[in-house]
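To start, the structure itself, in structure tokens.
Values in this text are rule-based calculations from the coordinates and carry no lab data. Quick caveat, the model's predicted, so the values are computed rather than measured. Backbone-built Cβ (ideal geometry, glycine too); neighbour counts: all protein chains shown.
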Amino acid sequence: MTRKIGCATAVVLALLAGCDKPSAPGAAAQPASAPASPIAKGPDWPMFRGNPTLTGVTTATLATNLTLAWKFDTHGPVSSSPAVVGDRVFIGSGSSNVFALNLADGAKVWSFQASGPIEASPLVLDGRVFIGDINTNFYALDAVTGRALWTFGLEDKIKSSANWVATPAGKAILVGGYDYKLYSLNPETGRTNWVFETGNYINGTPAVGNGLTAFGGCDAVIHVVDVITGKKQKEIEAGAYIAASGALVDGHLYVGHYENEVLNVDLSAGVITWKYRDRSFPYFSSPAVTTNRVVFGGRDKRLHCVDRATGKSIWVFATRGKVDSSPVVAGDDVLVGSDDGRIYRVGLSDGLERWNYEVGQPVQSSAAVVAGYLLIGSEDGKLYCFH
């Protein structure tokens, strides 16, 4: 199929890194010398942004004085964000591997070799890990052993992290691709329930809420789709292409785009309630949404906090590099990475720095916060865990 390229050359350069064709399915998992133990119950962060609505907010809290507990070298840049279920951490890497690690000490439990580099974040659901790679393959892995259960091939690369929905038949997995399509897949078999086609690349993760999924893409449109039928409910012009994932809260989607704005979109009415615009830099970071605030990073090297009702600025925190990392709110803490090579802890109430840790290479991964642990990856190839 011949596709029109609807994005400017700038976005292609900004978003794409290679266009490899599909290759053979990934290699078998490589277990560590010690057998993997069953996944334990506990406070979890099972997916990108923590939950299907993609709010990036957790009730977990962190110690006042964070120290480095461990770091794990994935041997490839880590833009994937970690998922944590029980005592296991799951992460993808530019080394074309998915890893399962012990939360307590970072020891490798297993690794799975995919067919290409991984930028998407894992979704852990019902004992399975769902994740896609740049070489167009989407995998379901056994969370305990790392064994591939099935593989589904898209027609172009996968940077979108997977989400899930409840359906009358059970559950379904949602994932978008650079083939312009959003797929609903059966988690047990990998067979398609439906396919929704858009006008350009889908880079972000689809947010889910109240029987709908909402997401933007390079076609500069916010798509609202029924999660059961895959039928279009609305299309809302965003004004520019969207690389970020949106957060879906109370029928409103909060999302930034490439033409320097963050939007609050009323999905029911199909209108933009407010626009936040500061300086002329795009927003690739996905927002964290609390009861009264929206927090997001910008390519202006700053972290922004605005009033959820009005979109008016509350505070701005400056870093020394662009902020493509998506912030996580844990209590009164905001955790975020920056291309200046630092991980920051900023007060939600006042926007003041409370702590930072320098890793030396850009941090575009987003944090996971569970049970007193902070986990985040870096372009230096390492996953860092603080406690």
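Computed over all pairs of different Cα atoms, the Kirkwood value for the hydrodynamic radius of the stretch 193-307 is 14.0 Å.
Ranked from largest, the principal axis spans of the Cα set of the stretch 174-259 equal 40, 29, 17 Å. Once the C-beta distance of residue 147 and residue 169 is scaled by a Förster radius of 30 Å, the resulting FRET efficiency is 0.75 to the nearest 0.05. The label point for residue 126 and the one for residue 291, both projected 7 Å from the Cα toward the Cβ, are 3.4 nm apart. Using C-alpha pairs under 8 Å with a sequence gap of at least 6, the mean separation divided by the residue count of the stretch 302-387 gives a relative contact order of 20 percent. For the stretch 348-374 versus the stretch 123-181, the inter-centroid distance based on Cα atoms is 27 Å.
Taking one equal scatterer on every alpha-carbon of the stretch 329-386, how large is log10 of I(q)/I(0) by Debye at q = 0.21 1/Å? Values, matching the q order: -0.74. Compared with the direct C-alpha span, the chain from residue 237 to residue 259 gains 6.6 nm at full extension, assuming 0.36 nm per residue. For the stretch 192-242, a Kirkwood hydrodynamic radius built from all Cα pairs, placed in the Stokes-Einstein relation at 4 °C and 1.567 mPa s, yields a translational diffusion coefficient of 118 µm²/s.
Summed over qualifying helices (DSSP H, 4 residues or more, each -39500 (n - 2.57)) and divided by its residue number, the chain shows a 222 nm mean residue ellipticity of -500 deg cm²/dmol. Exposure here means at most 15 other Cβ atoms within 10 Å; with GluC sites (Glu not before Pro) in a DSSP loop as sites, the longest stretch of the chain lacking them is 1-154. Positive contributions from Lys and Arg (+1) and negative ones from Asp and Glu (-1), summed over other residues with Cβ under 13 Å from the Cβ of residue 241, come out at -4. Cα-based values for the stretch 89-223, radius of gyration first and Dmax second, are 14.5, 45 Å.
Counted residue by residue at 0.36 nm each, then reduced by the alpha carbon distance between them, the extension gain from residue 371 to residue 387 reaches 4.9 nm. Applied to the stretch 207-212, the Karplus parametrisation 6.51 cos²θ - 1.76 cosθ + 1.60 on θ = phi - 60° returns per-residue 3J(HN,Hα) values of 7, 10, x, 6, x, 10 Hz, with x for Gly and Pro. The tail of the calculated P(r) for the chain beyond 42 Å holds 4 percent of all Cα-Cα pairs. The radius of gyration of the Cα set in the stretch 243-387, together with its Dmax, comes out at 14.5, 45 angstrom.
The residues neighbouring residue 312, those whose beta-carbon lies less than 13 Å from its own, together hold a net charge of +2 under the Lys/Arg +1, Asp/Glu -1 convention.
Relative contact order of the chain, taken over Cα pairs closer than 8 Å and 6 or more residues apart, is 15 percent. With neighbour counts taken as other beta-carbon atoms within 10 Å, the residues 280, 79 rank, fewest first, as 280, 79. With the convex hull of its Cα atoms as the shape, the stretch 128-183 has an orientation-averaged projected area of 4.0 nm².
Taking a Cβ cut-off of under 15 Å around residue 175, the surrounding Lys, Arg, Asp and Glu residues balance to a net charge of +1, with basic ones at +1 and acidic ones at -1.
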